[in-house]
Structure formats: C-alpha cells, structure tokens
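A.B. asks: To start, I am sharing the structure in question, which I have written as structure tokens.
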Amino acid sequence: MEGQAAFPERMDDSSIDFRILAEDAPVMLWLTNLTGETIFSNSIYKTFIGREKLEMLGGKAWFDSLHIEDQKKCLSMFEEAFQTHKSFEMEYRLKRHDGQYRYILDHGEPYVSAEGKFAGFIGSSAGITERKESENDLKNSHKELIQYNREMGLINELNSYLQVCRGLPETYPVVSHYLEQIFPDWSG
C-alpha cells in the first residue's frame with residue numbers, strides 16, 4: 001500500500017528494541033529485584049498508579065496501592081513465590097491514580113541473572129474490572145431467573161389448587177399459603 005512502511009515478514013532479535021516494546025506494551029509490565037521491590041515498570045503501569053506516587057514510594061508503590069482487604073492475601077502469595085521461585089497468578093483490587101479501585105489480574109514469572117541465579121520476577125498486570133462486573137451481573141441475573149422460575153412454579157401450583165376449590169372457605173387458606181411463599185414479607 002502506498003504511504004505505509006514495508007516491514008520484513010520476520011525480524012531478528014537484533015532489530016527489535018525490547019525496551020521500546022516493554023515501555024509501549026498495552027498492558028502493565030513490571031520487574032522486581034530479589035527483595036521484591038519494583039525496579040522497572042512501563043508507562044501504562046506508571047500512568048495507572050500515578051507517577052508522583054511511584055516517585056514518592058519507589059518499589060513499594062504496588063503494595064501501598066492494594067485494597068486493604070487484598071493486602072494480606074497478595075503479600076502471602078508474593079512471599080511464597082519468592083521463596084519457591086515459582087510463577088504466580090493473582091487477582092486483586094488496585095487503586096488507580098484517580099483514587100478508584102480496579103480489578104487486576106497479575107501474572108509473575110521468575111527470571112534469572114546472567115549467572116543463572118534467581119534474580120526476581122517479571123510480570124504483567126491486566127485490568128479485568130469490566131470482566132468482573134460482567135460476571136457479577138451474570139450471577140445476579142442467574143439468581144433473579146432462579147427466583148422468577150420458583151415463583152412461576154408456585155403460581156402454577158396455586159392455579160391448579162384454585163381450580164378444584166369449591167368456595168371462599170377453601171380458597172383463602174390456599175391463597176394465603178402461596179402468597180406467603182411468593183411474598184415472604186407479606187402479612188395478610
């Protein structure tokens with residue numbers, strides 16, 4: 001196509017600037033040292049947390065930004081990964097630069113130094129708030145559907161009983177019984 005740069009079908013490692021790739025990747029990327037402090041984070045990560053906070057707290061900005069209810073679980077998983085040098089995956093809520101908490105799916109992999117020794121973790125963090133909200137909406141819809149089906153079944157039962165009732169004295173207890181089941185807060 002005219003006006004577009006032609007790219008070779010395959011690029012070799014020497015032609016790729018991995019720093020640019022990491023910095024401009026569309027997910028949060030991070031790298032820790034042996035003590036668990038973040039020593040690299042890409043621009044998406046810095047924008048999410050807030051550059052000022054990163055400058056102020058340094059490698060501990062991640063922990064400080066965790067939702068208080070998620071801190072213990074995440075710290076435990078993180079420490080276990082450092083002890084075992086095994087990959088990990090965890091979900092948590094992280095405070096964005098504007099103060100809103102967002103759901104994050106974090107994946108970390110151990111990396112080794114040039115000498116072949118464990119050097120920390122490299123990882124990615126992806127926002128999953130919309131997915132979590134959709135899952136919650138689906139669960140709520142499912143609960144509502146179950147309740148609706150239950151109520152419709154009770155109404156069908158009520159209808160069957162009412163068809164054989166011969167008068168009000170028989171009808172009233174049947175209706176009262178089913179109304180209490182369909183409308184538990186009703187008192188009549």
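Read-outs: derived from the displayed coordinates by stated rules, not from any lab. Model, not experiment: these values are computed from the prediction. Heads up, the Cβs are rebuilt from the backbone with ideal geometry, glycines too, and the neighbour counts pull from every protein chain shown.
A.B. asks: If you average the sequence gap of Cα pairs under 8 Å that are 6 or more apart and divide by the length of the chain, what percent do you get for the contact order?
C.D. replies: Result for the chain is 15 percent.
A.B. asks: Under a GNM of the chain (C-alpha, springs under 10 Å), which listed residue has the highest mean-square fluctuation: GLU37, GLU115, GLU69?
C.D. replies: With Cα springs under 10 Å in the chain, the top fluctuation among GLU37, GLU115, GLU69 is at GLU115.
A.B. asks: Counting other beta carbons within 10 Å of each residue's own, what order do LEU145, LEU57 fall into, fewest first?
C.D. replies: Ascending Cβ contact count within 10 Å gives the list LEU145, LEU57.
A.B. asks: Quick one: check the C-alpha center-to-center distance for the range 120-146 versus the range 31-102, whole angstrom.
C.D. replies: Going from one Cα centre to the other spans 20 Å.
A.B. asks: Please compute the modelled spin-label separation between HIS85 and ALA126, points set 7 Å along Cα→Cβ, answer in nm with one decimal.
C.D. replies: 2.8
A.B. asks: With label points built 7 Å along Cα→Cβ from the Cα atoms of VAL175 and SER134, find their separation and express it in nm.
C.D. replies: 4.7
A.B. asks: Sorted from fewest to most neighbouring beta carbons within 10 Å, what does the list LEU75, LEU138 look like?
C.D. replies: Least to most surrounded, the residues fall as LEU138, LEU75.
A.B. asks: In addition: Along each principal axis of its Cα atoms, how long is the range 134-182 end to end? Whole angstroms, biggest number first, please.
C.D. replies: Largest to smallest, the principal-axis extents are 50, 16, 7 Å.
A.B. asks: Against the globular-protein guess of 2.2 N^0.38 Å, express the Cα radius of gyration of the chain as a ratio, rounded to two decimals.
C.D. replies: The reported ratio for this selection is 1.77.
A.B. asks: Here's another thing I want to ask about it. Starting from the amide H of ILE39, placed 1.01 Å from N in the peptide plane, find each other amide H under 5 Å away whose residue is 5 or more places distant or on another chain.
C.D. replies: LEU31, THR32, ASN33
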